[in-house]
1. What's the number of the condition TYR459 fails, among (1) over 13 Å from CYS520 (Cβ atoms); (2) under 14 Å from the mean Cα position of the chain (by Cα)?
2. Any idea which of (1) part of a helix (DSSP H, G or I); (2) under 18 Å from LEU330 (Cα atoms); (3) among the aliphatic types (A, V, I, L, M) is the one MET445 doesn't satisfy?
3. Any residue that is in the same structural domain as ARG212 (by TED's automatic domain parsing), among the aromatic types (Phe, Trp, Tyr) and either over 22 Å from ILE210 (Cα atoms) or under 27 Å from the mean Cα position of the chain (by Cα) (or both) - is there at least one of those in the stretch 135-145?
4. What's the number of the condition ASP453 fails, among (1) closer than 24 Å to LEU332 by Cα; (2) surrounded by 20 or more Cβ atoms within 10 Å (Cβ to Cβ); (3) of a type in the set (Asp, Glu)?
5. Out of LYS561, LYS541, which single residue is of a type in the set (Lys, Arg) and over 19 Å from the mean Cα position of the chain (by Cα)?
6. Between ILE129, ILE140, ILE99, which is buried (at least 18 other Cβ atoms within 10 Å of the Cβ), farther than 30 Å from GLY571 by Cβ and either without any contact (Cβ under 8 Å) to a residue 60 or more places away in the chain or in contact with a Phe, Trp or Tyr (Cβ under 9 Å, 6 or more places away or on another chain) (or both)?
7. Among the residues of the stretch 407-424, is any among the small types (Gly, Ala, Ser), assigned to a helix (DSSP H, G or I) and buried (at least 24 other Cβ atoms within 10 Å of the Cβ)?
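The values are calculated or read from the model by the stated rules, or taken from the named source; none is laboratory data. Quick caveat: nothing in here was measured; it's all calculated off a predicted structure. So basically every Cβ, Gly included, is an ideal-geometry build from the backbone, and we count neighbours across all protein chains shown.
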Amino acid sequence: MFKVQKFLFILLFPALLLAVGNEVNAAGDTSLLYFNPEENKADVVYINGNIYTVDENFSKATAVAIKGGRFIYVGTDKEARKYVGENTKLIDLKRQTVIPGLIDAHLHFLSLGTRLLQIDAFWKPKEEILEAVAENRKKIEPGEWILGRGWNQEVWDPPLFPTKEDLDAVAPDVPVVLTRVCGHATWVNSKALEIAGIDKNTPDPVGGEILRDENGEPTGILTDQAQQLVSTKVPDFNEKRLEEALLLAQEELFSQGITSAHDAGSNEEDIQRLKKLYQEGDLKVRLYVMSRVTGRPSSQELVEGLRPFYNKGPQIGVFGDRLTVRSIKLSLDGSLGARSAWMLEEYSDRPGHLGNGKLTDEELYQIVKEARLAGFQVNSHAIGDAANRQALNVYERVLKELPHPDPRYRIEHSQIVALEDIPRFAKLGVIPSMQTVHATSDKNMAEDRVGPDRIKGAYAWRKFVEAGSVIPNGTDAPVELVNPYHNIYAAVTRMDRGGKPEGGWYSEECLTREEALRSCTIWAAYGAFEEEQKGSIEVGKLADFVKIDRDIMNCPESEIKDIKALLTVVGGEVVYESK
C-alpha cells in the first residue's frame, strides 16, 4: 500500500505544484518562485572587479549581480557566481575599477547639445575664435546667424572684453552672436546690434547691461537681461536639429560615465521634446529636470509661467525611472566673470558696482511660497553673497510659515557666500549645489573681483562640509567641459589641469577623494531626493555604474583629471564602451 501511495505522489507531484503555483500567483504571492531554478538567477554578473560601492561605509566589492535593471547582489566573486544561470552573462572585469554611475548635479542639457552644433569657442584664444567665425561666414546660407559659445577673456592676454569691431573685421554683413563661457554675457557684432535695434540711445534693461565705450556707443558686450535683446532675434533651431542636439548631449554624458544629470532649466517645450525621445526609446540617460520659464522673465512672468508646471504636479520617475520633473529653477543674479553676480559690497575691481539682482525679496517670496504649496523643490541660481543671502532669507521665511520636514531647497553655485551665512545652509536644510571646477577656472580673476577678505567665503567646500552640508557636484556644462573627473580633480587638489598653482589655490578648502566621489554620486542623488534609487552600488538600487581606466582612490593625484570611462551601464544596459 505504501509503495502505491509513493508512486501516486511522484506521479501527481508536478501537477500539484502547478496548481498551487497558479493559486499563489493569482493571489499575488511570489514566495514559491524558487521552484524555478532560473528565477533567482541574474541577467548579468560582473566579477573580478575593484568596485567602490560608495555606500554608507564606503565599502568595496569584487562582484555584482544584476536583474531587471537593478542590483540583486553586491559582494564577492564566490557568492556572485550563485546567481549565474543558464541564460546569465558572466563578465570578467579584470580587476578594473568600477564606481557608481556618475551624476552631474548641474548642467544645461539642451545647451550642451546645441553647443556641439555651433562654434566651439571654449577657452580658445580670441584669434582662433575669429578664424572660426571667418570660416563659418563662408559656409552659412542667407538668413542664417553665426552662433557659438565658450569664450573667456580671462584666459586671453590682455584679459579684456572683446568688441564688436573684432567680429566686424571677419564678418561685417551677417549677425554673429557668441555667448561667454558663463552664459551671462554675449559678444555680438554690429550687424546683430543693428537687427536688435540697439544703439547708444537704448536703455539698459532691468537686470542687465549694455556695455558702452567712452562715447556711449555699445561695445558689443551684453550681460544678463540685456542678452535677450539679441537672443530673441536669433532664428530657432528646427525640431530635427533640437532632437539631434539632445542625443549628442546624451552621447557626451555616457562617454564620461555620467548616467544621470540634473538639467538646470527646461521649459515646457523642452520637456515635451524629452518625453518624445524617451517614448521612442532614443533617450536612456536619467534626467532630473528643473522647470523654468523661457528667456529672462519678469517676476510676474515667472509666476504665471510656472503655474502650468504646478497644475500638472510633480512627475517622478517616469519612463522607467528616467525622467523626473519636480523642481523649479530661478535666477537671482548673474556671474562673477561678467561682474553681474550680486554682491553685498562693491566689486573690488569696479568701484560703485554691485552686480545685478534679479528679484526683490517680496517677489522671490511669492514665487517660493507658491512652489512650496504646489509641492515643488526650489533651485535658485545665486553666485554673489547678496544673492545667496537673499535666497537663504526667503527660504527661511517660507519654511517658518509653511513648515516642511524635508524641503531640500537648493542654491545653485553658492559661489561667494558671507562667512556667517555658511552655517545657515545646514541649519535650514538648504543644499549648496556647487561646481568644484569653477574654482580652478575662476582663480585668476576671483580675488580681483572680491578682494582678500570675501575670497575666504568663495568656493568654500571644506567650510560647507564641516558645517554639516552635503555638496552635489556638477560641471555646469556647457559653461565647463562635461567631464566629472576634472571636477573631482579640482575638488581634491584646488589646481587647474596644468597643475597650477602648485599646492592648490586656498588648499584648505580641498575635499578628500571620498568626499569628492560622493559629491558626484550619492550627494548628487540626495539633492534630487533619489538617494534610495541611485548614487551607490547597493542591492535594490538601479544598476547604473561606470568602469574607468584607473583606480580613482589610489592613482597619483595628478592622474585623476586624466581618467577615462571604459564602460557605462544604465539599468544594466551597456550604453557606452570605449573603442
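1. (2)
2. (2)
3. no
4. (2)
5. LYS541
6. Being buried (at least 18 other Cβ atoms within 10 Å of the Cβ), farther than 30 Å from GLY571 by Cβ and either without any contact (Cβ under 8 Å) to a residue 60 or more places away in the chain or in contact with a Phe, Trp or Tyr (Cβ under 9 Å, 6 or more places away or on another chain) (or both) holds for just one of ILE129, ILE140, ILE99, which is ILE129.
7. no
For every residue, the table says whether it meets (1) more than 23 Å from TRP342 (Cβ to Cβ); (2) assigned to a loop (DSSP other than H, G, I, E, B); (3) in contact with a strand residue (DSSP E or B) (Cβ under 8 Å, 6 or more places away or on another chain).
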| position | (1), (2), (3) |
| --- | --- |
| GLU144 | yes, yes, no |
| LEU147 | yes, no, yes |
| GLU154 | no, no, no |
| PRO158 | yes, yes, no |
| VAL177 | yes, no, yes |
| TRP187 | no, no, yes |
| THR219 | no, no, yes |
| GLN227 | no, no, yes |
| ASP236 | yes, yes, no |
